[in-house]
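Notes follow the structure.
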Amino acid sequence: MTIALSVNGRSVETEADPSTPLIDVLRNHLDLRGTRYGCGLEQCGSCMVIIDGKADYACSREIGSVAGRSVTTIEGLADGEALHPLQVAFLEEQAGQCGYCLSGILMSAKALLDRNPSPSRADIIAALDGNLCRCGAHPRILRAVEKAATAMREGVVA
Amino acid sequence: MSDTLPLSIVTNRRLEKWLRFDPDRTLHLAVGKVEIGQGVLIALSQIAAEELDVDIGRVNILAGDTADAPDEGSTSSSQSIEVSGRSVRLVSAELRSRVLTRLAQRLNCSPDELTVEDGSFLLQSQPTGHDYWSFVSDADYAADITGTVLPKAPSAYKVVGQPVPRKDLIAKVSGAAFIHDIVRPDMLHARMLRQPSRDAQLVALDEAAIRRAAKSDIRIVRLENFVAFVGSDETAVQRAAVAALAHAKWEGSRVLTPAHGEAAWYVDQPADDRLIGDPPAETPGEVVSAVYSRPFVAHAAMAPSCGLAEFRDGRMEVWSHTQGVYPLRNSIADILGLSREAVIVRHAHGAGCYGHNGADDAALDAAVIAQQLPDHCIRVQWRREEEFGFEPVSTAHRTRVAAVLDAAGRPVDWTTEVWAGSHVQRPIYGGLFLAQEALPNKPPPAKPGDPPEANGGGGTRNGTPLYDFPAKRIVHHLALRTPVRTSSLRGLGALPNVFAMECFMDELAERAGMDPVAYRLSMLTDPRARYLIENVAARCGWASRWAVGTGRGLGLAWARYKNKAAYACVAVELEVDQEVRLKRVWTCADAGLVINPDGAKNQLAGGIIHAASMTLKEQVTLDGAGITSLDWASYPIMTFSEVPEISTEIVHAPDLPTLGMGECTFGPTAAAIGNAIYHALGVRVRDMPLTRERIAQVLAKV
């Protein structure tokens, strides 16, 4: 059946069985391959996207349940050529090793900063605790999110 | 510099294998080592940029490609900078020298009067109008590498030693970057039904039920016990693979019990026994010993393994996140009955790789299917449960340490005794792929082996203490069979052995009535090791360490990885209440010349977190037909809320040869945690993982 939703600010329609996982629609129907399959069990956070402002697992959400909703993926993070402050901060801190977890972590972090522009270290940890990183880049990732939050606040002031 | 050529150059003698100046004023550098999350590509690029005096931004690197890049074996054992880095340095220096020698003849000057600035040649600081792009000739590229040109002195380095950012991370923070994202013409998705174990026979497969579950058209490729579900709709083949678990009937699967998952299981197993080091002696003195263990542990990569293969006109092209494109190419060609020239393997980035994981298996899966369905690109992706259930795991490992003590309580005779399965069963060591055992005419079982001692050993890795003990030896019992397939994982035997040995040193210090740091230093003459221990002890406040048993602990340990690579000392501060909570970690490492200090610090910290996760939390459980820890709930790893603050320092030693450092913090972290838990609680927990339950069991016996 035809399902309509908004992805990265654009209206899209997709032909899919309503039980199709959102991640399969994003990757294979809409060619947005930055959302990563990790476990399919809501345990690792690799597939995290933002649905109506809230970080959610694209691996287990069925496309039928996302009809009419607004989804943001890693491809929607930058503003054209201009990287999002989170992406800039992750690059400045070299906050990653293999980088497979980063799409999901960036989306969890964006959802946090969108609702709380001045998160404490504990807030950031709580927001990212559903995301696993196997390489041990955690300290850099936490620093990068703090740095991005600061940059975004200063950007607003300026 | 050694006067022998690195193996990488011996097998790839022509300059054109490595370097090419492209018309867009870039430098193409081709290497055989691959990016597995460790940041090696920027470090190798820095070395080439340095020796050729080309801006780092001009370097484009191609890594791991049997058609277009040199054969450098596998990317493993922290060897990339030591081996490939040395090769890139020699090759780059030689090309620069050849070209400048020719230019000097042309300009009738001495080569010493010529300098290079971002690829342009200057004579006495004035432009010559020549640069690499205009002047390098085909004859230069075609030349054999002699390895006789002296590279730059480290004191002249401008790019090497700088924290240059990685190029590949840009794609990784903005979307598509991985093998999983490759799209090819005529691509079909595939999922596997895995044979539960080597001797299991598929006696029934309800294909109709599986097709119904798939909800759209799929093909089923079946070759004896090799079964794949293939189609254009990834969702459908995934549904088929999940459904197939209940619609396949196997006979002859192995039967395991939880006891197979304990390191103690190996004690009664037939084994290859050997002695390394000093012969056994009847040394007089008090004998003390203790037994430590680590269970089976998983690589547990963030991504399920993936492989792509297309078979067109008799030629097989494969994409893999393998550690070694050439060894994989050779295996695929041999198994599929193709010539090696007919198979190309290209590396594509996967999730972080810490050893022999499912990458090679997934690539062969794809190639087997592609041979059956030519003219398509077959994209195999494993399921999460398949990744946990079928990747090679690191063997359980039991280490008994025994020492004969002198009157002052110091060892005069030391024995490290190891019981473990094979730590490496890569195909080049005689190991088998999963698909090989499922296809018709499966080869006989692999005989487990281990890397030779010259390569650092496997079960014996780091088993010989570097303290000044008069006599020391390793007794190694390499089990002839393992309950599940085992292979290499970061550090091999180093982590369990260093855990045992460095915890035992704390036990011996206590018996001797000495401070653990002072005790170590009283038997250690290597100045590099002493410096690290003193550095970390000072930074962590060792001098004001508090009494044992307060619930808060500070522990320290060190090792030199493989007894020949990088040195690291680690101190851990933790608290134990309901759980063990790591608070702070300090490390100092000595890896000689460091190419990229930021990348090196990332590796040191990553190694600490990975090792801490393994030490405190990780255990592959076995039962029934195989592995039962099949998801992140049953195989938990360290999370953001559990990660400590980490302070890293690296010794500045640019004149000493580079030593691989990706694994150097691994063993010391495990032992420092063990020692800190003892300091916190006053009890010694010797069997990993050091979970709340394990600690409670030990406390209950006190």
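The values are calculated or read from the model by the stated rules, or taken from the named source; none is laboratory data. Everything numeric here is computed off the predicted structure, so don't read it as measured data. Every residue, glycine among them, receives a Cβ derived from its backbone with ideal geometry; neighbour counts consider all protein chains shown.
If I ask for residues that are under 10 Å from the mean Cα position of the chain (by Cα) and assigned to a loop (DSSP other than H, G, I, E, B), which ones from region A:42-57 would you list? Give the derivation first.
So in region A:42-57, the residues under 10 Å from the mean Cα position of the chain (by Cα) come out as A:45-51, A:54-57.
Selection gives A:Gly45, A:Ser46, A:Cys47.
Take region A:111-139 and flag every residue that is basic (Lys, Arg) and surrounded by fewer than 24 Cβ atoms within 10 Å (Cβ to Cβ). Steps first, answer last, please.
We begin by selecting, within region A:111-139, every residue basic (Lys, Arg); these are A:115, A:121, A:134.
Matches in region A:111-139: A:Arg115, A:Arg121.
If you scan region B:326-352, which residues turn out to be over 18 Å from B:Leu434 (Cα atoms) and of a type in the set (Val, Ile, Thr)? Full working, then the answer.
In the first step, residues of region B:326-352 are kept if they are over 18 Å from B:Leu434 (Cα atoms); the result is B:326, B:338-352.
Matches in region B:326-352: B:Val343, B:Ile344, B:Val345.
Kindly provide the set of residues from region B:222-235 that are surrounded by 19 or more Cβ atoms within 10 Å (Cβ to Cβ) and not small (Gly, Ala, Ser), ordered by number.
Here is the first cut: in region B:222-235, the ones surrounded by 19 or more Cβ atoms within 10 Å (Cβ to Cβ) are B:225-231, B:233-235.
Answer for region B:222-235, where residues must be surrounded by 19 or more Cβ atoms within 10 Å (Cβ to Cβ) and not small (Gly, Ala, Ser): B:Asn225, B:Phe226, B:Val227, B:Phe229, B:Val230, B:Asp233, B:Glu234, B:Thr235.
Regarding region A:72-90, can at least one residue be identified that is within 19 Å of B:Lys601 (Cα to Cα), within 12 Å of chain B (Cβ to nearest Cβ) and part of a helix (DSSP H, G or I)?
Within region A:72-90, the first condition is being within 19 Å of B:Lys601 (Cα to Cα), and the residues that meet it are A:89-90.
Subset that is within 12 Å of chain B (Cβ to nearest Cβ): A:89-90.
Still in the list and also part of a helix (DSSP H, G or I): A:89-90.
Within region A:72-90, one or more residues are within 19 Å of B:Lys601 (Cα to Cα), within 12 Å of chain B (Cβ to nearest Cβ) and part of a helix (DSSP H, G or I).
Given the conditions (1) more than 30 Å from A:Thr2 (Cβ to Cβ); (2) out of contact with any Lys or Arg (no Cβ under 7 Å at 6 or more places or on another chain); (3) in contact (Cβ under 8 Å) with a residue 12 or more places away in the chain, which single one is not true for A:Ser60?
Only one criterion is unmet by A:Ser60, namely (1).
With the requirement that a residue be within 14 Å of another protein chain (Cβ to nearest Cβ) and of a type in the set (S, T, N, Q), what does region B:164-216 give you?
Those that are within 14 Å of another protein chain (Cβ to nearest Cβ) and of a type in the set (S, T, N, Q): B:Ser174, B:Ser216.
For the list (1) away from chain B (no Cβ under 12 Å); (2) touching a helix residue (DSSP H, G or I) at 6+ places or on another chain (Cβ under 8 Å); (3) on the phi > 0 side of the Ramachandran plot, I need the number of the one condition that A:Gly40 fails.
Against the list (1) away from chain B (no Cβ under 12 Å); (2) touching a helix residue (DSSP H, G or I) at 6+ places or on another chain (Cβ under 8 Å); (3) on the phi > 0 side of the Ramachandran plot, A:Gly40 comes up short only on (1).
From the residues in region A:92-123 that are within 15 Å of A:Met152 (Cα to Cα) and aliphatic (A, V, I, L, M), which one is nearest to the other protein chains (Cβ to nearest Cβ)?
Residue satisfying both the conditions and the ranking: A:Leu106.
Among (1) within 14 Å of chain A (Cβ to nearest Cβ); (2) of a type outside the set (D, E, K, R); (3) surrounded by fewer than 23 Cβ atoms within 10 Å (Cβ to Cβ), which single condition is B:Thr691 missing?
Failing condition for B:Thr691: (1).
Which residues, taken from region A:124-158, are assigned to a loop (DSSP other than H, G, I, E, B) and within 11 Å of chain B (Cβ to nearest Cβ)?
Selection gives A:Asp129, A:Gly130, A:Asn131, A:Leu132, A:Cys133, A:Arg134, A:Cys135, A:Gly136, A:Ala137.
Between B:His356, B:His376, B:His397, which is more than 14 Å from chain A (Cβ to nearest Cβ) and surrounded by fewer than 24 Cβ atoms within 10 Å (Cβ to Cβ)? I'd like the intermediate steps shown before the answer.
On the way: B:His356 fails: surrounded by fewer than 24 Cβ atoms within 10 Å (Cβ to Cβ); B:His397 fails: surrounded by fewer than 24 Cβ atoms within 10 Å (Cβ to Cβ).
Of the residues listed, the single one that is more than 14 Å from chain A (Cβ to nearest Cβ) and surrounded by fewer than 24 Cβ atoms within 10 Å (Cβ to Cβ) is B:His376.
Mind counting the residues in region B:242-268 that are outside any strand (DSSP E or B) and among the charged types (D, E, K, R)? First the steps, then the outcome.
Taking region B:242-268 as the starting set, the residues that turn out to be outside any strand (DSSP E or B) are B:242-247, B:252-255, B:257-268.
Filter again for among the charged types (D, E, K, R), leaving B:254, B:262, B:268.
Residues in region B:242-268 being outside any strand (DSSP E or B) and among the charged types (D, E, K, R): 3 in total.
Test B:Ala547 against the criterion of being farther than 18 Å from B:Phe666 by Cα and part of a loop (DSSP other than H, G, I, E, B), and give yes or no. Please lay out each step first, then the result.
Working: farther than 18 Å from B:Phe666 by Cα: yes; part of a loop (DSSP other than H, G, I, E, B): yes.
Considered against the rule, which asks whether it is farther than 18 Å from B:Phe666 by Cα and part of a loop (DSSP other than H, G, I, E, B), B:Ala547 comes out as yes.
So which residues in region A:1-21 are buried (at least 20 other Cβ atoms within 10 Å of the Cβ), more than 14 Å from A:Ile74 (Cβ to Cβ) and more than 11 Å from every other protein chain (Cβ to nearest Cβ), if there are any at all?
Within region A:1-21, A:Ile3, A:Leu5 qualify.
B:Asn60 passes all but one of (1) under 22 Å from A:Gly99 (Cα atoms); (2) surrounded by 21 or more Cβ atoms within 10 Å (Cβ to Cβ); which number fails?
(2)
Would you pick out the residues in region B:566-598 that are surrounded by 24 or more Cβ atoms within 10 Å (Cβ to Cβ) and of a type in the set (Gly, Ala, Ser)?
Result: B:Ala566, B:Ala568, B:Ala571, B:Ala589, B:Ala591.
Does B:Val242 fit the bill of being at pLDDT 95 or above, outside the structural domain of B:Met501 (by TED's automatic domain parsing) and buried (at least 22 other Cβ atoms within 10 Å of the Cβ)? Please lay out each step first, then the result.
Working: at pLDDT 95 or above: yes; outside the structural domain of B:Met501 (by TED's automatic domain parsing): yes; buried (at least 22 other Cβ atoms within 10 Å of the Cβ): no.
No.
Take the residues of region B:618-630 that are surrounded by fewer than 20 Cβ atoms within 10 Å (Cβ to Cβ) and touching a Pro at 6+ places or on another chain (Cβ under 8 Å): which is nearest to B:Gly261 (Cα to Cα)?
Among residues in region B:618-630 that are surrounded by fewer than 20 Cβ atoms within 10 Å (Cβ to Cβ) and touching a Pro at 6+ places or on another chain (Cβ under 8 Å), the one nearest to B:Gly261 (Cα to Cα) is B:Thr621.
Here are B:Ser92, B:Ser110, B:Ser97, B:Ser45: which of them is within 26 Å of B:Glu663 (Cα to Cα) and away from chain A (no Cβ under 14 Å)?
Testing whether each residue is within 26 Å of B:Glu663 (Cα to Cα) and away from chain A (no Cβ under 14 Å) leaves just B:Ser45.
Of all residues being in contact with a helix residue (DSSP H, G or I) (Cβ under 8 Å, 6 or more places away or on another chain), more than 17 Å from B:Gly175 (Cα to Cα) and in contact (Cβ under 8 Å) with a residue 60 or more places away in the chain in region A:43-54, which is farthest from the other protein chains (Cβ to nearest Cβ)? Just the residue, please.
Narrowing region A:43-54 to residues in contact with a helix residue (DSSP H, G or I) (Cβ under 8 Å, 6 or more places away or on another chain): A:44-51, A:53-54.
Still in the running and more than 17 Å from B:Gly175 (Cα to Cα): A:44, A:51, A:53-54.
Imposing the further condition that a residue be in contact (Cβ under 8 Å) with a residue 60 or more places away in the chain reduces the set to A:44, A:53.
Working: A:Cys44: 6, A:Gly53: 21 Å.
Across region A:43-54, the extreme among qualifying residues is A:Gly53.
I need a count of the residues in region B:680-702 that are part of a helix (DSSP H, G or I) and over 31 Å from the mean Cα position of the chain (by Cα). Give the derivation first.
Here is the first cut: in region B:680-702, the ones part of a helix (DSSP H, G or I) are B:680-681, B:692-701.
Pick out the ones that are also over 31 Å from the mean Cα position of the chain (by Cα) and you get B:680-681, B:696-701.
Qualifying residue count, region B:680-702: 8.
Check off (1) out of contact with any strand residue (DSSP E or B) (no Cβ under 6 Å at 6 or more places or on another chain); (2) part of a helix (DSSP H, G or I) for A:Gly104 and give me the number that stays unchecked.
With respect to (1) out of contact with any strand residue (DSSP E or B) (no Cβ under 6 Å at 6 or more places or on another chain); (2) part of a helix (DSSP H, G or I), A:Gly104 is out only on (1).
With the structure loaded, tell me whether A:Arg36 is surrounded by fewer than 24 Cβ atoms within 10 Å (Cβ to Cβ) and outside the structural domain of A:Val145 (by TED's automatic domain parsing) or whether it fails that test.
Details: surrounded by fewer than 24 Cβ atoms within 10 Å (Cβ to Cβ): no; outside the structural domain of A:Val145 (by TED's automatic domain parsing): yes.
It is false that A:Arg36 is surrounded by fewer than 24 Cβ atoms within 10 Å (Cβ to Cβ) and outside the structural domain of A:Val145 (by TED's automatic domain parsing).
What number of residues in region B:1-51 are part of a loop (DSSP other than H, G, I, E, B) and either among the basic types (Lys, Arg) or surrounded by fewer than 24 Cβ atoms within 10 Å (Cβ to Cβ) (or both)? Walk me through how you get there before you give the answer.
Just the residues of region B:1-51 that are part of a loop (DSSP other than H, G, I, E, B), to begin with: B:1-6, B:11-13, B:18, B:23-25, B:32-39.
When the remaining residues are screened for being either among the basic types (Lys, Arg) or surrounded by fewer than 24 Cβ atoms within 10 Å (Cβ to Cβ) (or both), the result is B:1-6, B:11-13, B:23-25, B:33.
The qualifying residues number 13.
Which residue pairs have Cβ atoms closer than 6 Å, lie 6 or more positions apart in sequence or on different chains, and pair a first residue in region B:680-691 that is over 16 Å from B:Ala670 (Cβ atoms) with a second residue that is in a helix (DSSP H, G or I)?
So the pair list comes out as B:Val683/B:Val698; B:Val683/B:Leu699.
Going by the conditions given, is B:Leu656 farther than 20 Å from A:Leu132 by Cβ, away from chain A (no Cβ under 13 Å) and touching a helix residue (DSSP H, G or I) at 6+ places or on another chain (Cβ under 7 Å)?
Spelling it out, it is not the case that B:Leu656 is farther than 20 Å from A:Leu132 by Cβ, away from chain A (no Cβ under 13 Å) and touching a helix residue (DSSP H, G or I) at 6+ places or on another chain (Cβ under 7 Å).
Which residues, taken from region A:25-41, are free of Cβ contacts under 8 Å to residues at least 60 places away in the same chain and in a loop (DSSP other than H, G, I, E, B)? Let's see the steps before the verdict.
Kept after step one, since they are free of Cβ contacts under 8 Å to residues at least 60 places away in the same chain, are these residues of region A:25-41: A:25-33, A:37, A:39-41.
Within region A:25-41, A:Leu30, A:Asp31, A:Leu32, A:Arg33, A:Tyr37, A:Cys39, A:Gly40, A:Leu41 meet the criteria.
Say whether the condition of being of a type in the set (Ser, Thr, Tyr), surrounded by fewer than 22 Cβ atoms within 10 Å (Cβ to Cβ) and assigned by TED's automatic domain parsing to the domain that holds A:Cys39 is met by at least one residue in region A:69-84. Steps first, answer last, please.
To start, the set of residues in region A:69-84 that are of a type in the set (Ser, Thr, Tyr) comprises A:70, A:72-73.
Cutting the leftovers down to surrounded by fewer than 22 Cβ atoms within 10 Å (Cβ to Cβ) gives us A:70, A:72.
Narrowing the set further to residues that are assigned by TED's automatic domain parsing to the domain that holds A:Cys39 leaves A:70, A:72.
Yes, region A:69-84 contains a residue that is of a type in the set (Ser, Thr, Tyr), surrounded by fewer than 22 Cβ atoms within 10 Å (Cβ to Cβ) and assigned by TED's automatic domain parsing to the domain that holds A:Cys39.
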